[in-house]
Amino acid sequence: MAEIRLERVTKKFGDFVAVNNVSLTVKDQEFVVLLGPSGCGKTTLLRAIAGLGMADEGRVLIGGRDVTYLPPRERNIAMVFQSYAIFPHMKVYDNIAFGLKMHKFDRETIEKRVLEAASMLHIEDMLDRYPGQMSGGQRQRVAVARAIAMKSQVLLMDEPLSNLDALLRLEMRAELKRLLADIGATTIYVTHDQIEALSMGDRIAVMKDGEIQQFDDPTIIYDRPANRFVGGFIGNPPMNFIEGQVEQTDGRLSVRIGGFRIAPDPAMQARLRPYHGRSVLVGIRAENMEALNHPADDALRVRVLVIEPLGAQNLLTVKIGDDIIKVSTHPSFIVAPNEDIWLRFPVDKIRWFDSDTEIAIRPEM
Amino acid sequence: MNEDSTPSNSLGRRRRRDWTPYLLILPTVLYLLLFFAWPMFRGLGLAIWNPEALLALRAEATQDSAIAGKLPQGAEVEILERQGNLIPPEEQEEAANLLTEIWFKIKSQDAEGREVIGWVPDRRIRVREKDEEERPLAGTVRPKLGAKADPLTSVYAEPNERSEVVGRLESRVRVDIVEQAVLEVWFLVRGQNKAGETVQGWAQSRYIQVFGDEESGRVDRGNAGQLTAEYIQKMTQDRFFKPALYATLILTLLIIPVQLVLAIVMALVVQARLKGNTIFLYIFAIPLAISDLAAGIIWYAIFTQHGFLNSILQGLGFIDAPITYLSVDTRYWIFIAIWLAEVWRATSLVMIIVVSGLQAISEEVLEAAEVFGASLWERVRYIILPLLRPSLQVALILRTIFALQLFAVVVALSGGDVVTTLANETFRQYSLLRNPHVAASYASFILLLSVGIAFLYLRTIRTQQELEQS
C-alpha cells in the first residue's frame, strides 16, 4: 500500500509562494497527473514529495508514513527527471543498477531486475553503452528503466517526455501508460502538456499559482471544468467563453448573447436565478456547437474570420459581439472568410461560470 | 559545339579554397613560433649542444681551403708555424685570444734609388708621423739587431711573408705609409683527434690558447658544434643533483595528495551553497594573489627563531626557549615549512579548478543519485569524483608541474642550500656557477619529468569512456 497524502503543504522560495496550502490524496496504484502552466508549482510539489525540497508547512505521507522531513533515500520512491539525469560516466547497466546497488541488493537480484527493466523498455541490447552514445529517446528509456528497476511503490515523473520530439513523445506516451499500468506503482506525473495528462492520467490535478484548481477524472476535467482557468487550459482549442446577460421573461430565465437567447435547462434555472440582471460566462467547447450555413430560429448568426482546415475538422474563428470563439466543424462544411454562418448551442453542452469569480456554476446534484 | 559551355560551367562550380581561417591563425602561429618554440629549442639546445666542440683545421692558412682534419676542444697541439692573414670583415667582431699583426703598405726607395711599393710588417717600421686620427702617415725602417742578421728589410707584394718580395730596404730609410692592414695570426698545429689520429693543419689564433713556450698550446674552443652528453653528465655528477631530485620528488608527493583532498573538500564547502559561501570562496582564494616568494617569506616569519610560532608557544608556556626550526640539523622542519607554505599557497588553485568542475555537474544528476539512495559519501564517491575526473586531471597535471618547479618558497625557507630542488639548482648553475649549459640540463630534466608525469596522468586517469573507445 502506498497511498500518497499531502496535507496542507506549503513551499516558499523567499517571498514567493510556490505551493500554497495544497492537500491531495493519491490512492494506491493510482496514476495522477499534475498539470499546469510553467511556474504553477507542480514540479515544486513533486519535489516536496520526493524530498528534494522539504515542505515549509504541512505534511507529506507515503503509505501512511510521515516522510515530510525524511531525506529522499528514506522515502522508498523512484523518480524520472525532466533532463533524464542519467549518470554520464556509467554504462546503461550501471545506471539502471545504481539505485539497487545503493540499497545493497545482492548481485543476482540486481542483475535480474536490471535485465527485467531493460527488456520492458527494449534497451536490453544497449546495456554496455554509455549514455553519450545514445539518442535522446534511448536515454529517456534508461531513465525510466532505472526508476522501475527499483520496484518502489511510488514513482514520480517530472515532465519525462518534454525533451522528446513530437513523434517520439506520442510513441512513448502509449508505451509508458501500458508500462505503468503493468507495474502498478502509485505514480505522480508532472506535465504541462494537457494531451499527455488527458491521455495518461487516472486523475488529473490542474494547478495554477501554487494551488490545485481541480482534481478529477480526465473526462470530468475536460467536460466540466471547475473554473474558467481549467476550461481555458485544457483542450485544443480551449473552451470558448462568451459573456451573456441573465434575463427573465415570463418567469423563465434566459441568457442573452447579442440578440440571441439561450434557455438554460431546468436544473440550471435555480442556480442562475441569483445572477438575474447580471452577466455570466457561457462556456462551450468548439466541437459542441453546430454550425449551419443557413439561418435557423434556434441559431445565432456570426461572422467567420478565419478558417483553418485541420484534416479531420475545420476550425473556424468567429466573432460573437466582442468575443472571438473557435468552432470546429466537419471538413465538408464549406464557408469562406467574412461570410456569415449560424451557430446552434446545445444547451446540455453549455457550462456556466460566474463572470467575477470565474468559478463554474453547477446544477445542484 | 557542346563542349564550349562546360569549362565556364565547371569553373563556376569549382570549390574555391577558403584561406580565411589560415590567415586568421597566422598571427597565432607566428607568435607561438617566435615566443615559444624558438626560445624553447634554443634553451634546451644548450643542454645537449656544444657549439664549440670541434676545431676544423685547414690545409692552407685561409678559410676557403680544404679541411685537413678536426680536433676536439681541449686537445693539446704543437705549434709548428705561424702566419698572418687578413681577417675577413665578417669575423672582425670576435676577439678572444685573437693574435693580430699589423702590416703597412709603404712607398719608399731602395739603395739603388728604385721606387719600392709593397707590404711590410709593422714591427719593421718605426712610425714617425701620424694624422689627427692617429693613422700612421710616415716612418723609418727599423735597423736590424745582431751581427748575423740580414741588414735589409724585405718588402712583399701582399701582406703576407709568403708572397713575392718586391724590394728590399735599408735600415732607417724613410717610408710613406699608404695603407695599413690588420692580420690575424694563423698557426700550423699538430694534435691528436678523439680517434687517436694525428691531425695537422692551420687554425686561426682565436681558437688556440698558446702556452708560454710559444711552441705548444691547446684548442681553446672549436668552430663547429657537436651533440654532447657532457653537460648532462656534469649535472648528474653534481653533488647537489641527487638531493635536489629527492627533495623535489618528496615534496611533490607530500604536497599533491593533501592539496587534492583539501581542494575537493573546500570546493564541496563552497558548492554546498551554505549561507556565506562566497566568503569561504574569497578566504580560500586569497593565497592565489600571493606570490610564491611572499608565501615563503610569510612562513619563514612564522618558523624563524623569533617568529610567530615560537612566540605563541612561549607565550602559552609550552616551551622555555625558542626552538630552531630552520637549520641544517632540523632539515625535516624545513621540509614541513615548505610543505605548509606550498599547500597554503597553491591549494586554492586546485580548488578553483574543482569548483568549476563541480559546477559543470548537473544538479539533476546529483538529485537523481540522492533519490536513488546514495548517501552524501556515496554521491561523492560514485558520482562527483568520477564526473570531476577531467578537472582533477587538469588540476593534477598543473599542480605536479608547479611542484616540480618549486623554487622561491625553498629559497625563502632554506636559503637554497640546506634543502635544494631541481629548479633551485637550475638557478644556481646559471647565476652563481655561470654554467648555462648545466642549467639548461637541469631545466630540460624538469621539463622531461613534467612531460612524463603528465603523460602518465593522462594514461592512468583516463575516463571509462576513453578506455572503452581505445
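The values are calculated or read from the model by the stated rules, or taken from the named source; none is laboratory data. None of the values given here were measured: they were computed from a predicted structure. Here the Cβ positions follow ideal geometry from the backbone for every residue, glycine too, while neighbour counts run over all protein chains shown.
Taking region A:117-165 as the search range and keeping residues that are within 10 Å of chain B (Cβ to nearest Cβ) and either among the basic types (K, R) or free of Cβ contacts under 8 Å to residues at least 40 places away in the same chain (or both), which one is farthest from A:H103 (Cα to Cα)?
Applying the filter and picking the extreme gives A:Q133.
Assess whether A:E247 counts as being of a type in the set (D, E, K, R) and touching a residue at least 60 places away in the same chain (Cβ under 8 Å).
Here the answer is no, as A:E247 does not meet what is asked.
Does region A:127-134 include one or more residues that are in contact with a helix residue (DSSP H, G or I) (Cβ under 8 Å, 6 or more places away or on another chain), small (G, A, S) and modelled with pLDDT of 90 or more?
So far as region A:127-134 goes, no, none of its residues is in contact with a helix residue (DSSP H, G or I) (Cβ under 8 Å, 6 or more places away or on another chain), small (G, A, S) and modelled with pLDDT of 90 or more.
Quick check, is A:V67 over 26 Å from A:E196 (Cβ atoms) and at pLDDT 90 or above?
Working: over 26 Å from A:E196 (Cβ atoms): yes; at pLDDT 90 or above: yes.
Considered against the rule, which asks whether it is over 26 Å from A:E196 (Cβ atoms) and at pLDDT 90 or above, A:V67 comes out as yes.
Can you report the number of residues in region B:376-399 which are among the polar types (S, T, N, Q) and facing chain A (nearest Cβ under 7 Å)?
Matching residues across region B:376-399 total 0.
Quick one: how many residues across region A:328-357 are among the β-branched types (V, I, T), buried (at least 20 other Cβ atoms within 10 Å of the Cβ) and within 11 Å of A:A291 (Cβ to Cβ)?
Qualifying residue count, region A:328-357: 2.
Just name the residue that is nearest to A:L100 (Cα to Cα) out of those in region A:58-70 that are touching a residue at least 24 places away in the same chain (Cβ under 8 Å) and more than 14 Å from chain B (Cβ to nearest Cβ).
A:G63
Among the strands (runs of 3 or more DSSP E) confined wholly to region A:1-67, which include 2 or more residues that are surrounded by fewer than 22 Cβ atoms within 10 Å (Cβ to Cβ)?
A:4-13, A:16-26, A:57-62
Quick one: in region A:71-116, of everything that is of a type in the set (K, R) and more than 10 Å from chain B (Cβ to nearest Cβ), which residue is surrounded by the fewest Cβ atoms within 10 Å (Cβ to Cβ)?
Within region A:71-116, the match that is surrounded by the fewest Cβ atoms within 10 Å (Cβ to Cβ) is A:R107.
Return yes when B:Y325 is in contact with a helix residue (DSSP H, G or I) (Cβ under 8 Å, 6 or more places away or on another chain), among the aromatic types (F, W, Y) and away from chain A (no Cβ under 14 Å) and no when it is not. Break it down stepwise before answering.
Numbers: in contact with a helix residue (DSSP H, G or I) (Cβ under 8 Å, 6 or more places away or on another chain): yes; among the aromatic types (F, W, Y): yes; away from chain A (no Cβ under 14 Å): yes.
Spelling it out, B:Y325 is indeed in contact with a helix residue (DSSP H, G or I) (Cβ under 8 Å, 6 or more places away or on another chain), among the aromatic types (F, W, Y) and away from chain A (no Cβ under 14 Å).
In the set A:A48, A:A55, which member is away from every other protein chain (no Cβ under 11 Å) and either within 17 Å of the chain's Cα centre (by Cα) or within 18 Å of A:Y189 (Cβ to Cβ) (or both)?
Step by step, each of A:A48, A:A55 is checked, and only A:A48 is away from every other protein chain (no Cβ under 11 Å) and either within 17 Å of the chain's Cα centre (by Cα) or within 18 Å of A:Y189 (Cβ to Cβ) (or both).
Looking at A:A296 and the list (1) in a loop (DSSP other than H, G, I, E, B); (2) loosely packed, with under 12 Cβ neighbours inside 10 Å, which single condition is not satisfied?
It is condition (2) that A:A296 fails.
Here are some residues: B:E363, B:E342, B:E367. Which one is more than 10 Å from chain A (Cβ to nearest Cβ) and of a type in the set (D, E)?
B:E342
Taking A:M239 as the residue in question, decide whether it is surrounded by 20 or more Cβ atoms within 10 Å (Cβ to Cβ), in contact (Cβ under 8 Å) with a residue 12 or more places away in the chain and farther than 20 Å from A:F353 by Cβ.
no
Listed here are the residues, each with its yes/no results for (1) modelled with pLDDT under 90; (2) farther than 24 Å from A:I221 by Cβ; (3) outside any loop (DSSP other than H, G, I, E, B); (4) among the basic types (K, R).
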site: A:F241; (1), (2), (3), (4): no, no, yes, no
site: A:E247; (1), (2), (3), (4): yes, yes, yes, no
site: A:M268; (1), (2), (3), (4): yes, no, yes, no
site: A:G283; (1), (2), (3), (4): no, no, yes, no
site: A:A312; (1), (2), (3), (4): yes, no, no, no
site: A:L315; (1), (2), (3), (4): no, no, yes, no
site: A:I325; (1), (2), (3), (4): no, no, yes, no
site: A:I341; (1), (2), (3), (4): no, yes, yes, no
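Looking at B:F407, B:F402 in this structure, which one is aromatic (F, W, Y) and out of contact with any Ser or Thr (no Cβ under 8 Å at 6 or more places or on another chain)?
One residue alone meets the criteria, B:F402.
If you go through region A:237-248 one residue at a time, do you hit one that is of a type outside the set (A, V, I, L, M) and at positive phi?
no
Would you be able to tell me the number of residues in region B:135-150 that are surrounded by fewer than 12 Cβ atoms within 10 Å (Cβ to Cβ) and either modelled with pLDDT of 85 or more or in contact with a Pro (Cβ under 8 Å, 6 or more places away or on another chain) (or both)?
0
From the list B:E132, B:E101, exactly one residue is within 51 Å of the chain's Cα centre (by Cα), assigned to a strand (DSSP E or B) and at pLDDT below 85. Which is it?
B:E101 is the lone residue from the list that is within 51 Å of the chain's Cα centre (by Cα), assigned to a strand (DSSP E or B) and at pLDDT below 85.
Scan region B:330-346 and report the pairs whose first residue is over 17 Å from B:N310 (Cα atoms) and whose second residue is polar (S, T, N, Q), with Cβ atoms within less than 6 Å and a gap of 6+ or a chain change.
As it stands, the answer is B:V343/B:Q259, since those pairs meet every condition given.
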